[in-house]
Amino acid sequence: AAASKSTACASSEKYIYPIIMSTSISANNASSGGNNESTVSSEVEETMSRIRSHKGVEGVIIMNKEGSTIQSTLSEEQTLIHSALLSQLATKASSLVETIDMNDELTFLRIRSRNREIMIAPDKEFLLVVIQNPNATE
């Protein structure tokens, strides 16, 4: 049973993590470059659709560092709760990493419980959050 859990975990990380990181990098490049707003918006929509198509993904949230939602696939109530708590958690985790080593920074935060997995990819201005059920069969 332990081997199958680690395989499922590695499998989800293998597919979701690169997408989250490339999205985070793309969002940062788009926000600092000369891309027009409609191109950025369509790229964000396409990326969110691609992430949601993965097995077990229950929601995707893009928010600023303060927790203000930019885009979400969750209900308004769930989005507000998750955004407030996860932005605080990411800030504290980032602070911890920098306290331990001033030359280091938080690049990815993953929280796993029995039923859910929350992955947070922080960027300079934004947080990308993916919530999934790692035990999902579809």
**Study point:** Near pairs, Cβ below 6 angstrom, 6+ apart or cross-chain, from the range 66-82 (within 14 Å of VAL130 (Cβ to Cβ) and open to solvent by less than 50 Å² (accessible area, probe 1.4 Å)) to any residue that is in a strand (DSSP E or B) and not aliphatic (A, V, I, L, M)
**Key:** THR73/GLY59; LEU74/GLY59; THR79/THR69; THR79/SER72
Practice item. Would you tally the residues in the range 52-65 being modelled with pLDDT under 90 and either hydroxyl-bearing (Ser, Thr, Tyr) or buried (at least 21 other Cβ atoms within 10 Å of the Cβ) (or both)? Key: 1
Exercise for review: Give just the number: which of (1) of a type outside the set (A, V, I, L, M, F, W, C); (2) assigned to a helix (DSSP H, G or I); (3) in contact with a Cys (Cβ under 7 Å, 6 or more places away or on another chain) does THR79 not satisfy?
Suggested key: (3)
Revision key, fill the gap. From the option list ALA84, ALA93, single residue qualifying as modelled with pLDDT of 95 or more and closer than 21 Å to ARG116 by Cβ is ALA93
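I need a count of the residues in the range 94-109 that are charged (D, E, K, R) and within 18 Å of the chain's Cα centre (by Cα). Talk me through it step by step, then tell me what you get.
Of the residues in the range 94-109, the ones charged (D, E, K, R) are 98, 101, 104-105.
This time we only want the ones that are within 18 Å of the chain's Cα centre (by Cα), so: 105.
Result for the range 94-109: 1.
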Check your understanding: Conditions: (1) in contact with an Asp or Glu (Cβ under 7 Å, 6 or more places away or on another chain); (2) at pLDDT below 95; (3) farther than 20 Å from VAL57 by Cα. PRO134 meets all but one. Number of the miss?
Key -> (3)
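The values are calculated or read from the model by the stated rules, or taken from the named source; none is laboratory data. Quantities reported herein were computed from a predicted structural model and do not represent experimental measurements. Note that each Cβ is placed from the backbone with ideal geometry, even for glycine, and that neighbours are counted across all protein chains shown. Heavy atoms of the whole protein, side chains included, go into the accessibility calculation; ligands, DNA and RNA do not. Shrake-Rupley method; radii C 1.70, N 1.55, O 1.52, S 1.80 Å.
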